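Heads up, the thing below is written out as structure tokens.
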Amino acid sequence: MSADTQTLDEAAVSAYLRDNLPGFDGLTAVTKFQGGQSNPTFLLETPSRKYVLRRKPPGVLLKSAHAVDREFRVQRALADTDVPVAKMHLLCEDDAVIGSAFYIMDHVPGRNFNQPSMDGVSVQDRGRIIDEMNRVLAALHEVDIDAVGLSDFGPLGNYFERQVGRWSKQYKASETEDIPAMNHLMEALVAECPEDDGQRRLVHGDYRLDNMIYDAQTTDCRAVLDWELSTIGHPFADLAAVIMQWQMPAGAEGRGMGGLDRAALGLPSDEEFIAAYCQRRGLKGIDHFGYYLAFNFFRMAAIIQGVHKRALDGNASNPERAMKLGQYVPVFAQHGVDSLKR
């Protein structure tokens, strides 16, 4: 049984896959992906093909966190839609196999862009890649949740009210210091929550460029990854998550567009991206966008606080990076407070 997040019990995995995965012909190599703080992810190579194993981390976990079963279900449901996802093979919920639940999916070859500046990509292709990101997001929010069997994938009611409550509890459960901006933000998000407008759609929950695989030669998206936070909710949360990320500093740490000359790089403004999304979905515009942006800063602050707490507890997937991320909790909280005025 594997006892940490950095290694995998290859013998146990191989034995399980021989019994449960048709066509499996043995492991030749196992490599841990360095990205992804929440659910440790491994590349499995066999003589004939490559797979990806994504698992819950071992140890004591926050309730409802690291939901690999939900990730598996939603990606399998999207297989025949306009939203590109990897092919799902099997879900193992028996902790006795490797110490925690996991699932197996196809490895999708292609390009992954860690930063929206996309160094080395032409000006024209940068614009096309971001427009493809916009297309996929709009397609996701047009998925018929009844037709794909996901109508019960999230509860009824006001999504933002529910999410603010959930992430406030998660944040409090992993709090390591008092952050006044975070306290103020949690109170303001409750007080200023918009009324439910009836939009009940499938949302990704962490929609970012670096969670997408693009074709190696074209600007087509091959797969959207990391569905742990997906649920039935409000589509503007996903849209605002993209805009939130872009407010971050450019570079490997912030992975945003702060300080970049977007026009010169072929990248859209926030307003242009929102307008393209609205056109694709037949919307006239979006009210209260500052609230949706603030909500995303709040949720990201809560998420990285959890990552920081796991690092302090000794079971983070990437401990060094997790400690660095913890320093950004007050920064995200303040951005959230500022966004409410936008």
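When the residues of the range 271-318 are narrowed to those that are part of a helix (DSSP H, G or I) and small (Gly, Ala, Ser), which ends up most open to solvent (accessible area, probe 1.4 Å)? The qualifying residue most open to solvent (accessible area, probe 1.4 Å) is ALA275.
Is the range 120-131 home to any residue that is open to solvent by less than 10 Å² (accessible area, probe 1.4 Å), in a helix (DSSP H, G or I) and under 25 Å from ASN211 (Cα atoms)? Scanning the range 120-131 turns up at least one residue that is open to solvent by less than 10 Å² (accessible area, probe 1.4 Å), in a helix (DSSP H, G or I) and under 25 Å from ASN211 (Cα atoms). Scanning the range 287-320 for residues being at pLDDT 85 or above, touching a helix residue (DSSP H, G or I) at 6+ places or on another chain (Cβ under 6 Å) and aliphatic (A, V, I, L, M) gives a total of 7.
Among the residues of the range 208-241, write down those that are touching a residue at least 60 places away in the same chain (Cβ under 8 Å), over 10 Å from the mean Cα position of the chain (by Cα), surrounded by fewer than 22 Cβ atoms within 10 Å (Cβ to Cβ) and part of a loop (DSSP other than H, G, I, E, B). Hits for the range 208-241 are ASP215, ALA216, THR219, ASP220.
What number of residues within the range 1-13 satisfy the criterion of being surrounded by fewer than 18 Cβ atoms within 10 Å (Cβ to Cβ) and either farther than 14 Å from ALA101 by Cα or modelled with pLDDT of 90 or more (or both)?
Summing the residues that are surrounded by fewer than 18 Cβ atoms within 10 Å (Cβ to Cβ) and either farther than 14 Å from ALA101 by Cα or modelled with pLDDT of 90 or more (or both) in the range 1-13 gives 6.
The single condition among (1) at positive phi; (2) assigned to a helix (DSSP H, G or I) that GLY205 does not meet is (2).
Okay, residues lined up against (1) basic (Lys, Arg); (2) open to solvent by less than 60 Å² (accessible area, probe 1.4 Å); (3) closer than 29 Å to GLY259 by Cβ; (4) in a loop (DSSP other than H, G, I, E, B):
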site	(1), (2), (3), (4)
SER100	no, yes, no, yes
ALA139	no, yes, no, no
LEU150	no, yes, no, yes
ARG166	yes, no, no, no
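Restricting attention to the range 252-270, which residues are within 19 Å of PHE297 (Cβ to Cβ) and either open to solvent by less than 30 Å² (accessible area, probe 1.4 Å) or in a helix (DSSP H, G or I) (or both)? Correct list: GLY254, GLY256, MET257, ASP270. Scanning the range 305-342 for residues that are of a type in the set (A, V, I, L, M, F, W, C), within 21 Å of ARG255 (Cα to Cα) and without any contact (Cβ under 8 Å) to a residue 60 or more places away in the chain yields MET323, VAL331, PHE332.
Inside the range 73-98, can you point out the residues that are farther than 22 Å from TYR214 by Cα, open to solvent by 20 Å² or more (accessible area, probe 1.4 Å) and not β-branched (Val, Ile, Thr)?
ARG73, LEU91, GLU93, ASP94, ASP95, ALA96
Considered as a group, the residues in the range 27-47 that are modelled with pLDDT of 95 or more and in a loop (DSSP other than H, G, I, E, B) include one that is least open to solvent (accessible area, probe 1.4 Å), and that residue is THR46. Considering the conditions (1) part of a loop (DSSP other than H, G, I, E, B); (2) closer than 15 Å to VAL203 by Cα, ALA96 is excluded by exactly one of them, (2).
The values are calculated or read from the model by the stated rules, or taken from the named source; none is laboratory data. Given the structure is predicted, the values throughout are model-derived calculations rather than measurements. Note that each Cβ is placed from the backbone with ideal geometry, even for glycine, and that neighbours are counted across all protein chains shown. When the accessible area is computed, the model is the full protein with side chains, heavy atoms only, and any ligands, DNA or RNA have been set aside. Shrake-Rupley method; radii C 1.70, N 1.55, O 1.52, S 1.80 Å.
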